[in-house]
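Each remark here refers to the structure printed beneath this line.
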Amino acid sequence: MISVALPKGRLGEEVYALLADAGYSCDEILDKKTRKLVFENKEHTVRYFQVKPTDVAVYVERGAADVGIAGKDILMEYSPDVYELLDLGIGKCRMCIAGFAEFTDNTDRPLRVATKFPHIARSYYEEIGRDIDIIKLHGSIELAPILKLSDVICDIVETGSTLRENNLVVREEVAKISARFIANKVSFRFANEEILKMKNALENRRVI
Amino acid sequence: MSLETKLNKLFAGYGYQKFRTSKFEEYDLYAENRDFLMSSQLITFTDLDGSLLALKPDITLSIIKSTTQPRRLYYNEKVYRPRDHHFREIPQAGVECIGSVDLYREGEVISLACKALACIEEDYVLSISHAGFLKALMEHLNLSEKYSGFVMEALCGKNTDYIRSLASENILKEEDGELLFNLAEMYVPFGEGIRSLKKRISFAEGKEILSELSDLAAVLDGFGVLDHVYLDFSLKSSMEYYNGVIFQGSVRSIPTYVLSGGRYDSLMKKMAKPFEAIGFAVYMDVVENSRSTSKNYDGDLAVIYTAKDNPKLLAKLIQALASSGLRVNAVRKEEFDGNERWKRVLTLKEARKEAGI
């Protein structure tokens, strides 16, 4: 039995479709009305749980799930001690620094950066040697420069439409993001064959 | 038998001496070797003579400090480290072998690590990597510091896609990319892994290390543990202190590593000790925390009594039952709330009948 932590939402659904196609189906999970949290298919020796996307890595790192699907943004932000076995090539977006087009950085003082990803922002600016002041927010990051709470934001950009509607532009790209297939390090040892089998099945079906 | 007792018996059985130590150490020892510790945060305090002391966050450094001649030691002590923004007292057991560490000694210590894992659970795996091999490999690849950091990270995370992307951007030569891809993917029985690598490695230092490792495999076979040992280049470790084999152990029912160790000649040199050294630590706290919490019974037998019962008779009865080897206790009737779990619950009368008193 291999347990899989799936992120709730569209990404989880896309990954489930790949896994179902590879022979790991569990039809119960498609029932939108169900309140169940754990779905098991004994015949296909697989068990799924749906968890908050930011929690997937925690479940896998602590071994509650053998494998899981997590965005590269989450892996970069929290650096969980897990194996990153495969880039699934879905859920693609970019981690960017965005701000007003007319903004010019004033190096006299620290740059104020609003973000949900303080660790990513910190290490990006450390590498280019720019002192910053991090403003950690949990949502509506685009609001921060508009209200002059921050100079720029460090956030995920998918289509860029939210930025455009708020007159913001991408100024720098920090990293390319996509969904990753991750595994617990001890499970990788004791359920090696099963995990590699699932990895190969996903690898054959991914679109890169 | 508790795990601590089992480990002590195991290590003593191979002629290792128990190392006992106080909880205090001079602060300077840690200030000089900050990088060796996982965290630089220590519990410090001033001694009555004004010198600065710390509660030990680590046993290895204290052992090395006090070493003046070759010795083989084991310990079962408490260390004090930060965890989740608070200091914790953490039990740790381990083995250190200091002196001339030849192939036999190296195999002996790694085998002890295997046998220690078997004390925790029979289904265990010990993964071995080699810090010197990885260092030589990085020199051979001749990458910029930035990229060698990324490559090491990719090896640790078995991130084969990243290595492939470096090869496709021509940052890695094609054959180097293929080799790294293989190393990242690698998780194979030790002997088999070395045989397959020998055919692929071309740089001299790497070849030399592989031939040492295949001799090591023979020693591990001699100790009867080779079947549990795997070659795996995803182990994280400080390259500054470890210079030879590094290893980590895990058991099936615990989802994180429970043991880690390696060859640390570089640390010995840094501390100006003219010896080689290898050792490992068992994370007793991880093992303890993952033990199943549902204890079946508080004891074998509860004898229910009231204030009216004769205390002398009760004492005699409990004494007789306890000396027959039962875990037994007398419980006042009004305090018996059913929360306590006893295999059997008897009234005083029933118990007297059973004990023949």
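The values are calculated or read from the model by the stated rules, or taken from the named source; none is laboratory data. Being a predicted model, the structure only gives us computed values, none of them experimental. Virtual Cβ from ideal backbone geometry, glycine too; neighbours counted across all protein chains shown. Protein only, heavy atoms only, side chains kept; ligands, DNA and RNA dropped before computing areas. Shrake-Rupley method; radii C 1.70, N 1.55, O 1.52, S 1.80 Å.
Go through the range A:70-95 and give me each residue that's small (Gly, Ala, Ser) and crowded, with 22+ Cβ neighbours inside 10 Å. Please lay out each step first, then the result.
The initial filter retains those residues of the range A:70-95 that are small (Gly, Ala, Ser), namely A:70-71, A:79, A:89, A:91.
Answer for the range A:70-95, where residues must be small (Gly, Ala, Ser) and crowded, with 22+ Cβ neighbours inside 10 Å: A:ALA70, A:GLY71, A:GLY91.
Kindly indicate whether B:GLY193 is within 14 Å of chain A (Cβ to nearest Cβ) and either open to solvent by less than 10 Å² (accessible area, probe 1.4 Å) or not in a loop (DSSP other than H, G, I, E, B) (or both).
yes
Quick one: would you say B:GLU185 is under 19 Å from B:PHE280 (Cα atoms) and of a type in the set (D, E, K, R)?
Values: under 19 Å from B:PHE280 (Cα atoms): no; of a type in the set (D, E, K, R): yes.
Answer is no for this residue.
Output the number of residues of the range A:51-90 satisfying the condition of being under 23 Å from A:ALA121 (Cα atoms) and among the basic types (Lys, Arg).
2
Taking the condition farther than 25 Å from A:GLY68 by Cβ, more than 10 Å from every other protein chain (Cβ to nearest Cβ) and surrounded by 14 or more Cβ atoms within 10 Å (Cβ to Cβ), does A:ALA144 pass? Give the derivation first.
Working: farther than 25 Å from A:GLY68 by Cβ: yes; more than 10 Å from every other protein chain (Cβ to nearest Cβ): yes; surrounded by 14 or more Cβ atoms within 10 Å (Cβ to Cβ): yes.
Criteria met by A:ALA144.
Considering every residue within the range A:87-107, establish whether at least one is within 14 Å of chain B (Cβ to nearest Cβ) and among the charged types (D, E, K, R). Steps first, answer last, please.
First, pick out the residues of the range A:87-107 that are within 14 Å of chain B (Cβ to nearest Cβ): A:87-90, A:92.
Retained after the next criterion (residues that are among the charged types (D, E, K, R)): A:87, A:92.
Among the residues of the range A:87-107, at least one is within 14 Å of chain B (Cβ to nearest Cβ) and among the charged types (D, E, K, R), which makes the answer yes.
In this structure, does B:LEU112 turn out to be modelled with pLDDT of 95 or more, within 14 Å of chain A (Cβ to nearest Cβ) and either closer than 24 Å to B:TYR14 by Cα or not in a helix (DSSP H, G or I) (or both)?
Working: modelled with pLDDT of 95 or more: yes; within 14 Å of chain A (Cβ to nearest Cβ): no; either closer than 24 Å to B:TYR14 by Cα or not in a helix (DSSP H, G or I) (or both): yes.
Judged against the criteria, B:LEU112 is not a match.
Could we say that B:ILE128 is aliphatic (A, V, I, L, M), touching a residue at least 24 places away in the same chain (Cβ under 8 Å) and open to solvent by 40 Å² or more (accessible area, probe 1.4 Å) here?
Values: aliphatic (A, V, I, L, M): yes; touching a residue at least 24 places away in the same chain (Cβ under 8 Å): yes; open to solvent by 40 Å² or more (accessible area, probe 1.4 Å): no.
Taking the combined requirement at face value, the residue does not satisfy it.
Run A:ARG189 past the list (1) part of a strand (DSSP E or B); (2) within 14 Å of chain B (Cβ to nearest Cβ) and report the number of the one that doesn't hold.
Evaluating A:ARG189 over (1) part of a strand (DSSP E or B); (2) within 14 Å of chain B (Cβ to nearest Cβ) leaves (1) as the failure.
Restricting the search to the range A:15-44, which residues are closer than 18 Å to A:LYS199 by Cα, in a helix (DSSP H, G or I) and open to solvent by less than 80 Å² (accessible area, probe 1.4 Å)?
A:VAL15, A:TYR16, A:ALA17, A:LEU18, A:LEU19, A:ALA20
Considering only the range B:35-56, how many residues are touching a Phe, Trp or Tyr at 6+ places or on another chain (Cβ under 9 Å) and either part of a helix (DSSP H, G or I) or β-branched (Val, Ile, Thr) (or both)?
Pass one, the range B:35-56, residues touching a Phe, Trp or Tyr at 6+ places or on another chain (Cβ under 9 Å): B:35-37, B:40-45, B:47, B:51-56.
Within this subset, residues satisfying the condition of being either part of a helix (DSSP H, G or I) or β-branched (Val, Ile, Thr) (or both) are B:35-36, B:43-44.
Count: 4.
Specify which of the listed residues (A:ILE74, A:ILE135) is outside any loop (DSSP other than H, G, I, E, B), closer than 30 Å to A:LEU6 by Cβ, free of Cβ contacts under 8 Å to residues at least 60 places away in the same chain and of a type outside the set (D, E, K, R). Break it down into steps so the answer makes sense when it comes.
Numbers: A:ILE135 fails: closer than 30 Å to A:LEU6 by Cβ.
Every option except A:ILE74 fails the conditions.
Restricting attention to the range A:45-58, does a residue exist that is open to solvent by 70 Å² or more (accessible area, probe 1.4 Å), in contact with a Phe, Trp or Tyr (Cβ under 8 Å, 6 or more places away or on another chain) and part of a loop (DSSP other than H, G, I, E, B)?
no
Does B:LEU314 count as in a strand (DSSP E or B) and in contact with a helix residue (DSSP H, G or I) (Cβ under 8 Å, 6 or more places away or on another chain)?
On the way: in a strand (DSSP E or B): no; in contact with a helix residue (DSSP H, G or I) (Cβ under 8 Å, 6 or more places away or on another chain): yes.
Here the answer is no, as B:LEU314 does not meet what is asked.
Output the number of residues of the range B:115-136 satisfying the condition of being more than 14 Å from every other protein chain (Cβ to nearest Cβ) and within 14 Å of B:ASN243 (Cβ to Cβ). Outline the logic, then answer.
Of the range B:115-136, the ones more than 14 Å from every other protein chain (Cβ to nearest Cβ) are B:115-116, B:118-119, B:130-136.
Next, from what is left, pick out any that are within 14 Å of B:ASN243 (Cβ to Cβ): B:130-136.
Total meeting the criteria: 7.
Note down all Cβ pairs under 8 Å where the first residue falls in the range A:38-55 and is touching a residue at least 40 places away in the same chain (Cβ under 8 Å), the second is surrounded by fewer than 18 Cβ atoms within 10 Å (Cβ to Cβ) and among the β-branched types (Val, Ile, Thr), and they're at least six residues apart or on different chains.
A:ARG47/A:VAL38; A:TYR48/A:VAL38; A:PHE49/A:VAL38
All but one of (1) open to solvent by less than 30 Å² (accessible area, probe 1.4 Å); (2) farther than 30 Å from B:GLN17 by Cα; (3) within 14 Å of chain A (Cβ to nearest Cβ); (4) not acidic (Asp, Glu) hold for B:ARG164, so report the exception by its number.
(1)
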